[in-house]
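The next block holds one structure in the form of structure tokens; read it before the comments.
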Amino acid sequence: MAFSAKVCLVAGAGCITSVAIGLSQARSSLSIKERLALDGYVLISSKDEKITTKAWENRASIYRDTSKNSSVLLSDLPHTNVNEKGDELKAKCDKFTDGKTTMNSIDKDIYEKITKLCALKIKEYIQSHLNKEDKFIEKQGQDEEWNNKFKEHKDRMSTEIEGINEDNAKEKISEYCEKVYELQQSNTNSSTSSNANYWCVKRPASPTKPTDSDSED
């Protein structure tokens, strides 16, 4: 047994505390880009223009709206200084995620804002992986598609969507999809993203049905 392991056995709780502190310090020395990847976030800038243009416009729309921007507003970037294309936000995100800026240079609040401004939402992430024939199911006019999804994934949906049944399937699933679309793609939301990928998208040939044990995005 290694000396450090023997010390841990003797020290007990003190060793556990030391290990926790060590892990915390290691994480704080990561670059912001590394931490985002570790937490399962996917940068907007990692995708092609088809995805990024709309994503930056979406972030700009939120940032410029004083009724919506409280959770993303940066102290050194007034909302009035951001254009509709989100160019200033993109520049900020590029700086934050340049691989040089470390976690110990920002606080938790700033990190949370970075995840919302610089990383993909679940809908954007799914869209970036769609084939040409794949389409998001529209809330209106596609009742049959929603009902088919319920029949195909009934067991899993019953555990994820409260009160869902055959009569309200369309409303319940479409509401679920709209809510999930706005969440960030991340390790925390991996299972939810997987659900949306199967339940909210129409494909010519559906992928293998997920099971309750699925947790991959």
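Enter the Cα centre distance for the pair region 63-85 and region 127-151, rounded to the nearest angstrom.
33
Quick one: if you stick a label point 7 Å off each Cα along the C-beta vector at residue 104 and residue 148, how many nm between them?
Distance between label points: 5.6 nm.
Using the number of other C-beta atoms within 10 angstrom as an exposure proxy, rank 72, 82 with the fewest first.
By the 10 Å Cβ count, ascending: 72, 82.
Quick check on my link table: of 33/149; 47/154; 47/172; 123/149; 50/170, which ones sit more than 27 Å apart, alpha carbon to alpha carbon?
Values: 33/149 37 Å; 47/154 33 Å; 47/172 31 Å; 123/149 18 Å; 50/170 29 Å.
Those over the limit are 33/149; 47/154; 47/172; 50/170.
Go through 54/179; 54/151; 54/116 and tell me which ones have a Cα-Cα distance over 26 Å in this structure.
Cα-Cα > 26 Å for 54/151; rest within.
First select every other residue whose beta carbon is under 10 angstrom from the beta carbon of residue 33; then total the charges, Lys and Arg +1, Asp and Glu -1.
Net charge around residue 33: 0.
Arranged by the count of other C-beta atoms within 10 angstrom, fewest first, what order do 120, 74, 38 take?
Working: 120 23, 74 18, 38 11.
Lowest to highest Cβ neighbour count: 38, 74, 120.
Quickly work out the residue 67-to-residue 159 label distance, labels modelled 7 Å from Cα along the C-beta direction, and quote it in nm with one decimal.
Rounded to a tenth, the inter-label distance reads 4.0 nm.
If amide hydrogens are placed 1.01 Å from N in the peptide plane, which non-local residues have theirs closer than 5 Å to the one on residue 102?
Those qualifying (amide H under 5 Å, at least 5 residues apart or on another chain) are 32.
Whole-Hz Karplus ³J(HN,Hα) for region 150-164, in order, using 6.51 cos²θ - 1.76 cosθ + 1.60 and θ = phi - 60°, x for Gly and Pro?
Once θ is set to phi - 60°, the couplings for region 150-164 become 5, 4, 6, 10, 3, 4, 5, 4, 5, 8, 10, 10, 5, x, 6 Hz.
Each reported figure results from applying straightforward, stated rules to the coordinates on display, with no laboratory input. None of these values were measured; they are calculated from a predicted model. Cβ: placed from backbone, ideal geometry, glycine included. Neighbour counts: every protein chain shown.
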